Amino acid sequence: MMPIQVGAAWGQVGGGSAGSGFADCRGTCQPTVDPNKQHSCNHTQDGRCLQIVDWLCRNDDDVNGRCATDVGLYRMLVVGCMLAQPSRLESRGLENGSGRDRPVLKLEVAAEEFAERRRLGPAEPETKHLAVQSLPKAPEPLQPLNSLNSSMRRRALAFHGASMAARKEELLDMHPDRLAIQQDILRARSVGRILAICTAEVLQGMDSINLVTALHRVAKLYDGSHMALVDNPRFELMLSAVSRKVDALNPRGMVHLVWSLASLQCWPDWSGDLIGRCAQCESFTGRDLSVLLGSLAKSKPPKHFKQCEQLQESLVRQLSERLPELTTSLDLACAAAALSRLQVRDEGLFVTIAQQAMPVLSEFSMSDVTSLLWAMAILNFTHGELCEQIRHLLRQKAESCSPKEITQIAWALSRLQEADEELLTETIAPVVRSKFLDFEAPRDLCTLAFAFSNARVFDEGIFNDFAHTLTSKVRVMNAHDVSSVVAAFAGIEYAHKGLFKALQKHAKAITASFTPLQIARTIHGFGTAGVDDTSLYRGLFGQVLQQRHLLHASNIVEILIGLAEAEYVPEGLEELLRDATRLVKWLDAAECIHALHALSRLQMDSTDLIPELMKTIRSRAQGWWRCNLQDMADLVEAMVGLKLDDSLLLNICAGQLPRLLSKTVDTPTFLRLWGAFAELRPHMRERVQERLQKNQRVRDGVAACLSAASEGIRAVRASNSECLTAARAAAQLLCACASLSWDQAPVPDVVQLMREMLGLEEVWQHGQDQHWWPPLAWALAELCYDDLARHVLLPCFRNSSLISMDATGKLYLAAAVVCLGYAEEFAGSKILLDVQLANEHDPCHTGRHMVLQSLELEMAIAGMDVLQGATLPHLEVKPSSLCSAGSLYDYADQVSNALVELAIAHEAKVLIGGCHYVQAVLFGQVALLIQSPRDLTISGSMLASARARTRQLTSLGWVCKEFYFSDIEQALQTSVGLKHLLAPLNAAKKVVKKFRSSLACDCAKRCRPHLLATPWMPDEIAGTRRQPWGTCLRRK
């Protein structure tokens, strides 16, 4: 190792500013020296001017031999090696150097020979004689450097790098003995050699530079056992010697000492003083700060934790002030990596780093780009402009990336959601294929597969390559690899069953090695893939219970989703849910929604966790929360499954519908949301119906999505082999539209398509036994398609399917009969239907009870006593404490107050016939009804269920006076209120007698124009979590 490299090493370890004295000497001294006069200069230790060194460089005498015996000359040679090197080596490169550089190599070789012989003695008279000799002119240029052999060229390159980083003043101040020790330390290529040099005697003669250099070299070279090094006596002596020199260290020395101790994870007792000095130092450079932060991220002294926290705060503060000093790619990348390892989530710092990196991004190596992206991905910080420039740079330099770099870049971009399909498939995938055999299998391939999957890019070709290679590597996978592969291939498990079988077997074998994050990903991946393996889930969940004190809230959410997808409810799940209650506060709104949806699918009614989740969602929903369509569908489905009534959340979701439906909508996701809205309880569903009726933007978005769904059904219908599937989809769509009062396009088109499919023998013969046949009959009846509804309804009474039909189907048929009105052709079968329903009657199910009462009332009006003489409350009027099952548009109290002011006698909130709720009864003969959104279609006409109510009340002798809820709302906004609207009721008493006399007419006969009315669905049907008939009525 050359002496000049001693200076280079100290330039990396030591501190201080570079001296400029020699440059001044070179400018002031004359080019020649009087041969009779001693030339003296203050800038060299022995009074020799740099010009003498220049003369020695050009002299053909045996410079090497003289250097070997003269210490003073040796020192001048070291200085000459540092200062006489032309700067053109840096600008032109080694190959273009001129012959004038060759004497510098002579100096370097001579100094090396001297250091190896270690002959330190007084300067000889011959050396002093050289100082008074005249300096000859410079010789002609010699041959260029590229004519040198490889060994000489390597020495020249090392000399050049050292000369640029050397600290000249400190080097000159070092004693020759310490320079020689420094040389030996830097020449050592093993920790053993360094420890052999550092004897007790040598350690006593070392200064702070030697000690820090020795410890720094040990930290860089050592890769063995930590305890083996700490227990070594020589190493203990070295640490003891360093402790006595801590106070003498400059900032650079402290930086490298901290780095060395952190790398070795060895923190002696005196390290607290070192940390304290670093915390008080304010003269670190930007690079020093990044190195210190990186050292703290690597290891911290356990006994001095508070001091480390103070040091970290001080370093972050100084770094924020000195970030402009970091201009090179290496400095910026190191600073970002250190901040990420310390989890310093300072968005301002990373924005500044990104802004400084963008102008010089073209100078970044791909390893620096990788470090910068990795740091941002760890903290989940993204910068759109920087990521765009990185993507552009990656398209140009992707081929030059190593396999490890391309893996980490793909993972970081995927985590930051900055990896689009074009980048992954057209830029990264070709590089992966070209270097496929160079990747570390299975680790790199597992990470790449996870990155592609996380970015939702499923390139069939590259995933097949991944699966083919990884299948044979499953046995050597660790828990991290297994979790990554399972998560990556979960969505396409069907194409790689061999890989998943191997993963199942291996996961059982290494279950005990999973961390909380890995086990959560594994359960989620296997569940999403639909793997049916009870023993696998039992073992994995057992590990979850053992580590539940380490689980993060998001890990529990992933586990619940995986179990829900696998349809597996393990023992001990309730215990896990109780522990999870305290972690809910760490979840965001989307994660809480996913947890609720999973609990609804698992049918877990956790009294502790569910209220906390709802509370957190309500809290997160305030302000600028924006949900996506998927989360909204999950939330509404969870509210249906868990029977949750939360009007606030439903209003927030409904309020975001215009924004969501104005974008490109995924049709299956919208149909999930549409079906969930249809299954809400009546008073909750009414809010959605009101939005549909009042908001044109919502109607336009819904119409577009339903039209897309209709086109999809028609496309399935075009395939003759899928007619039954298309009929089922059309029936479900019509049933949902009926529940939400939707009578606009594309309902007529779907009805026409259903009419065509019912004409097919396959649909007609096999459809009657399907579970969707009774709901189809009800939907068509509620939508006022009477002929087609009768066509669907009649076969249900003429064959044996009614006997085997479940209660839900029978209730749909009963509701359809009520909507259509009693007809003679149904008489015999209706009696059977009614008996079946009566036997299954459960008073606890209000909805089922109301459907039965309405059907019995319909048949009683037709003159059929189906209960064999039992007294039915057809004409009975009972008070009701419920406001139309919680309808927002009941307005019974406001109507009653207005009637009191008008001095009109009345009874408010009553039940007529045991099933029909009216807001008020006047004069004992007038029923005052308010048509709410649940009674009206989107186009404004009345639903079939509302018309059936009016028809039955009229048949019982009641005069029905109906008001639209919109008229009531407008009247309430005026100064007179409802009095002006209700004043004409005073004249109603005069027409009551006239109405009674005309009751003998065929009042039960309906006039039903063929309207596109939206359907009404019986609520609280058994097995569907709905309330019947839009009302929830009980006696007090």
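A few comments on the model shown:
- Of the trypsin sites (Lys or Arg not before Pro) found in segment 191-260, those that fall in a DSSP loop while having at most 14 other beta-carbon atoms within 10 Å are 244.
- Ranking 770, 805, 783 by how far each Cα lies toward the positive end of the dipole of segment 695-807 (charges on Cβ) leaves 783 at the top.
- Using a simple spin-label model with pseudo-atoms 7 Å out from Cα toward Cβ, residue 925 and residue 769 lie 5.6 nm apart.
- Applying both filters, DSSP loop and at most 15 other Cβ atoms within 10 Å, to the chymotrypsin sites (Phe, Trp or Tyr not before Pro) of segment 739-806 eliminates every site.
- Whole-Å distance, taken between Cα centres, linking segment 361-389 and segment 903-928: 72
- Accessible-area order (highest first, 1.4 angstrom probe) of the listed residues 707, 741, 975: 975, 707, 741
- Segment 358-372 residues near the modelled residue 388 label - backbone nitrogen below 17 Å, point 7 Å along Cα→Cβ: 358-362
- Residue 939-residue 360 FRET efficiency (beta carbon distance; Förster radius 45 Å; 0.05 resolution): 0.10
- Accessible surface of segment 695-807 [probe 1.4 Å, protein heavy atoms]: carbon and sulfur percent: 48
- In this rough spin-label picture, where each label sits 7 Å from Cα along the Cβ direction, the residue 497-residue 437 distance is 3.3 nm.
- Per-pair calculated FRET efficiency, R0 = 60 Å: residue 228 and residue 630 via Cβ, rounded to 0.05: 0.65
- Accessible carbon and sulfur surface of segment 302-390 relative to its total accessible area, %, 1.4 Å: 51
- Per residue, segment 695-807 exposes an accessible area of 40 Å² to a 1.4 Å probe, with every protein chain left in place.
- Counting 0.36 nm for each residue step from residue 648 to residue 900 and taking away their Cα separation leaves a gain of 87.4 nm.
- Taking a Cβ cut-off of under 9 Å around residue 683, the surrounding Lys, Arg, Asp and Glu residues balance to a net charge of +2, with basic ones at +1 and acidic ones at -1.
- Cβ-derived FRET efficiency at R0 30 Å, residue 745 paired with residue 966, nearest 0.05: 0.85
- Among residues other than residue 474 with Cβ under 11 Å from its Cβ, the summed charge is +3 (Lys and Arg +1, Asp and Glu -1).
- Linear extension gain, residue 460 paired with residue 282, 0.36 nm per residue minus alpha-carbon span: 58.5 nm
- Counted by Cβ distance under 12 Å from residue 587, the other residues give a net charge of 0, where Lys and Arg count +1 and Asp and Glu count -1.
- Dimensions (Å) - segment 695-807, Cα atoms, principal axes, largest first: 47, 30, 23
- Taken about its Cα centre, segment 695-807 carries a charge dipole of about 140 debye when Lys and Arg each add +1 at the Cβ and Asp and Glu each add -1 at the Cβ.
- Chymotrypsin sites (Phe, Trp or Tyr not before Pro) within segment 497-550, DSSP loop, no more than 10 other Cβ atoms inside 10 Å: none
- Modelled label positions at residue 425 and residue 243, each set 7 Å beyond Cα in the direction of Cβ, lie 6.4 nm from each other.
The values are calculated or read from the model by the stated rules, or taken from the named source; none is laboratory data. These figures come from a predicted structure and were not determined experimentally. Virtual Cβ from ideal backbone geometry, glycine too; neighbours counted across all protein chains shown. Note: areas computed on protein heavy atoms with side chains; ligands, DNA, RNA excluded. Shrake-Rupley method; radii C 1.70, N 1.55, O 1.52, S 1.80 Å.
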